[in-house]
Amino acid sequence: MEKIYIIDAVNFLFRSYYAIGPMTNKKGVSTGALYGFIRTLKKIIKDFSPNYLIAVFDGENNKMARQALYSEYKSHRKKAPDDLYSQIDLAYQFCEIANIPVISVNGVEADDTMATIAKWAKKNQFEVYLCTSDKDLCQMVDDQVFVLNVHKDNLLMNKEKVKEQFGVFPDKMLDYLAIVGDQSDNIPGIEGFGPKTAVTLLEQFSSLEDILANVDKVESKKRQEVLIAQKDLALLSKNLATLNTDVLIPQDKDSYLLKPQNEKLVEEFYQEMNFLTLLKEDKNKSAQIENSQVELNYKLITTEEDLNSLFNYLLDKKEIAIDTETTGLDPITAELVGIGLGVKSAEAFYIPFNGPLNKESILSFLKRLLDNENLSFYGHNLKYDYHILYNYGLKIKKICFDTLLASYVLNPQSRRHGLDTLALEKFAKNKIPITDLIGEGKKQISMQEVPIEMVCQYCCEDVDYTCRLKALFENEIKENKLEHVLYQIELPLIEVLFKMERSGIFIDKEIFAKLSSEFTQQLKEIEHEIFKEVGKPFNINSPKQLGQILYVDLGLTLPGKKGSSFSTAADVLEKLQENSPLVRNILKYRGLQKLLSTYMDN
């Protein structure tokens with residue numbers, strides 16, 4: 001029997017919105033709910049390998065039919081956050097891009113559409129899985145229809161599980177919902193009748209209608225009175241909880257067939273949303289560059305002949321990418337394991353220091369290359385390579401580019417400028433993780449233990465994608481008119497910072513001691529002013545005591561807000577300082593204290 005998975009899309013989105021928390025892409029668009037939605041879809045596809053699947057969304061004006069019966073239906077619900085609405089649209093868009101069947105019927109809630117699809121699927125000999133955490137759909141469960149809660153370790157709700165969880169079998173679930181009501185949907189139910197009462201009554205009677213027809217047989221006079229008084233409300237509740245299984249839906253199987261996703265469009269979507277983890281996990285992606293189909297030419301240099309040929313090849317190339325592989329992360333103490341060189345994408349050369357070549361030959365080769373006035377070099381975090389080469393008496397004399405610095409200049413708000421991240425983000429290339437070479441859990445890179453051929457592949461990839469990033473970033477730097485920042489400020493600073501890191505910097509201890517004394521005196525004076533304004537001494541550094549002083553004793557409030565939190569965060573105090581000399585003094589106190597403790601005294 002074929003299986004079909006029917007996805008409660010909005011249910012997934014709401015759950016993800018509150019579970020994952022704030023996420024945004026580089027343009028500031030909220031993406032947390034969307035990320036969780038895609039994650040859940042991928043989990044279902046991975047866990048169950050479905051041939052048939054459809055994501056169901058609420059239609060426009062979806063509450064219209066039930067609100068015609070009961071105007072208070074879902075009326076108490078707060079409007080969904082604006083940034084969630086936009087993600088619902090993006091989720092729908094993603095489904096279309098990824099070739100995931102999707103449906104939204106105008107004027108119809110997703111539950112009704114899902115129930116209708118389940119009814120149609122049963123008739124067409126499908127085994128049906130309703131993917132949701134909504135208990136309303138449990139009324140559809142039978143020998144052929146199941147509720148699947150993927151957020152609870154793929155909990156499968158069959159008839160027995162429904163009985164175990166709610167106390168009634170699925171065929172009485174509708175009556176159960178009518179009696180207990182549904183707070184989230186504002187279905188009233190019967191006042192004072194909870195789950196235990198509903199189960200007790202449905203064990204005695206066959207349905208809500210049967211209960212209402214035999215009120216006199218119900219134990220407890222009080223319950224009888226409530227049932228008589230709320231008969232119409234109970235029947236209305238059942239009507240509201242009844243799923244409509246006659247929604248207009250596609251009647252052919254192919255409409256529910258899960259087809260291969262459009263890899264290129266999905267990759268572009270992930271990149272736009274900044275979903276680098278999803279991009280990395282996509283096993284079928286292909287690089288999004290013109291020469292992605294070109295065969296890679298990564299070469300291991302192991303003979304003097306190869307080394308001389310490489311020198312002659314590089315001699316007239318003007319700009320050369322360079323990358324060092326080392327024994328550790330600290331460039332001052334790390335030893336050279338090998339060096340990678342390249343001048344264009346899809347090509348790179350690796351010279352191992354722990355291979356058959358004589359180290360003196362390699363160092364002589366590098367010196368001739370680096371000393372050549374006609375050649376300049378670039379890399380990714382070139383300052384690190386600068387240190388490593390210096391350890392061996394070598395110096396990069398001419399630097400023309402650094403892809404890490406270019407990435408920072410173009411996207412200073414981002415904290416992710418690593419080569420692996422950028423290769424994935426810009427070219428959908430999942431580079432070899434370093435853990436594949438050195439093993440999981442190792443704190444320090446020990447590349448000498450790794451086979452030379454593996455290090456060659458790893459290093460050549462670094463060189464290759466540094467070349468590709470340079471070509472990309474050079475254009476972007478020019479387009480954004482950032483040449484001065486990169487070439488006149490950031491690149492010259494490489495050598496300045498190198499020298500500072502190598503030798504340290506001198507400070508005049510006497511001047512710092514004098515400044516420390518002056519700042520300490522100023523702090524005492526400001527502290528005295530603060531205590532004078534408040535009328536008593538207190539611990540200025542205690543958020544609790546400061547909050548009590550500002551918001552309780554002095555009654556300060558934030559402009560435009562009723563009441564106030566007791567926050568003493570800097571951004572909050574900055575809003576309060578305009579009309580409060582005391583707050584201005586507190587901010588001044590904090591600033592001086594930071595300078596004193598972090599810089600002067602240290």
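The values are calculated or read from the model by the stated rules, or taken from the named source; none is laboratory data. As the structure is a prediction and not an experimental result, all values here were calculated from the model. A quick note on method: Cβ atoms are made from the backbone with ideal geometry, for glycine too, and the neighbour counts reach across all protein chains shown. Heavy atoms of the whole protein, side chains included, go into the accessibility calculation; ligands, DNA and RNA do not. Shrake-Rupley method; radii C 1.70, N 1.55, O 1.52, S 1.80 Å.
Here are a few things to note about the model shown:
- Full-stretch length increase - K253, N186 - with 0.36 nm per residue and alpha-carbon distance subtracted: 20.5 nm
- Only aspartates and glutamates eight or more places from K481 in sequence, or on another chain, were considered; those with a Cα closer than 16 Å are E490.
- Charge sum, other residues only, whose C-beta stays under 13 Å from Y392's C-beta, Lys/Arg counted +1 and Asp/Glu -1: 0
- Fraction of the pair-distance distribution of the range 256-384 above 27 Å, Cα-Cα pairs, percent: 39
- Principal-axis tilt of helix 32-48 within the chain, Cα atoms, nearest 10 degrees: 80
- Accessible-area order (highest first, 1.4 angstrom probe) of the listed residues L257, L554, L41: L554, L257, L41
- Relative to the longest principal axis of the Cα atoms of the chain, the long axis of helix 263-273 makes an angle of roughly 80 degrees.
- I489/K152 FRET efficiency (R0 51 Å; Cβ-Cβ; nearest 0.05): 0.40
- Cα gyration tensor category, rounded, prolate or oblate, for the range 160-230 with a/c compared to 1.5: oblate
- Converting the Cα gyration tensor eigenvalues of the chain into ellipsoid dimensions via √(5λ) gives semi-axes, longest first, of 61, 40, 19 Å.
- Summing +1 for each Lys or Arg and -1 for each Asp or Glu among the other residues whose beta-carbon sits under 14 angstrom from that of T333 gives -2.
- Summing charges over neighbours of Q139, with a neighbour being any other residue whose Cβ is under 15 Å away from its Cβ, gives -4 when K and R count +1 and D and E count -1.
- Ranking E209, E476 from most to least accessible surface, computed with a 1.4 Å probe over the protein chains only, gives E209, E476.
- Candidate lysines - alpha carbon under 19 Å from K264, same-chain residues fewer than 8 apart omitted: K42, K280, K283, K285, K426, K429, K431
- Taken about its Cα centre, the chain carries a charge dipole of about 1400 debye when Lys and Arg each add +1 at the Cβ and Asp and Glu each add -1 at the Cβ.
- For peptides 267-274, 195-202, 505-512, sequence by mean Cβ density within 10 Å, most packed first: 267-274, 195-202, 505-512
- By the equivalent-ellipsoid construction on the alpha carbon gyration tensor, the range 237-279 comes out with semi-axes of 36, 19, 7 Å, ordered largest to smallest.
- Computed over the range 521-602: relative contact order in percent, which uses C-alpha pairs under 8 Å that are six or more apart: 29
- Accessible surface, 1.4 Å probe, highest first, among residues I530, I228: I228, I530
- Summary value for the chain: 10 percent relative contact order, contacts being C-alpha pairs under 8 angstrom separated by 6+ residues.
- Bridge orientation summary for the range 109-217: considering DSSP beta bridges with both residues in this region, about 50 percent are antiparallel.
- Calculated on the alpha-carbon coordinates, the convex hull of the range 484-587 measures out at 183 cubic angstrom per residue.
- Scattering curve values for the range 324-406, log₁₀ I(q)/I(0), Debye with Cα scatterers, q = 0.18 Å⁻¹: -0.80
- In summary, the range 38-131 shows an alpha-carbon radius of gyration equal to 1.23 times the 2.2 N^0.38 Å reference for compact globular proteins.
- Close amide H pairs (under 5 Å, H built 1.01 Å from N) link I339 with E325, I351, F353, residues at least 5 positions away or on another chain.
- Measuring between their Cα centroids, the range 40-112 and the range 191-230 lie 35 Å from each other.
- Estimated [θ] at 222 nm from DSSP helical runs (n ≥ 4, -39500 (n - 2.57)) normalised by residues in the chain, nearest 500: -14500 deg cm²/dmol
- Helix 581-594 vs. the chain, principal-axis angle (Cα, 0 to 90°, nearest 10): 50
- Cα-Cα P(r), the range 115-258, percent of pairs per 5 Å interval: 2, 10, 17, 20, 17, 14, 9, 6, 3, 1, 1, 0
- Extension gain from N539 to N602, taking 0.36 nm per residue of separation minus the Cα-Cα distance: 20.4 nm
- Label positions at I332 and E295, each projected 7 Å from the Cα along the C-beta direction, are separated by 4.8 nm.
- Whole-Hz ³J(HN,Hα) from phi, Karplus 6.51 cos²θ - 1.76 cosθ + 1.60, for the range 251-257, glycine and proline x: 10, 10, 4, 4, 5, 10, 6
- Summarising the label geometry, the points placed 7 Å from Cα in the beta-carbon direction at M454 and L315 lie 3.8 nm from one another.
- Cβ-derived FRET efficiency at R0 25 Å, S414 paired with R39, nearest 0.05: 0.70
- The distance from the alpha carbon centre of the range 483-514 to that of the range 313-392 is 25 Å, rounded to a whole number.
- The convex hull of the Cα atoms of the range 210-266, projected and averaged over all directions, covers 8.2 nm².
- Distances between placed amide hydrogens fall under 5 Å for L155 paired with N149, all partners being 5 or more residues away or on another chain.
- In this label model, A513 and A471 are separated by 6.0 nm, measuring between points 7 Å along each Cα→Cβ vector.
- The fraction of all Cα pairs in the range 29-89 landing in successive 10 Å bins from 0 to the largest distance is 17, 34, 31, 17, 1, given as whole percents.
- Taking all pairs of distinct alpha-carbon atoms in the range 446-501, Kirkwood radius in angstrom: 13.9
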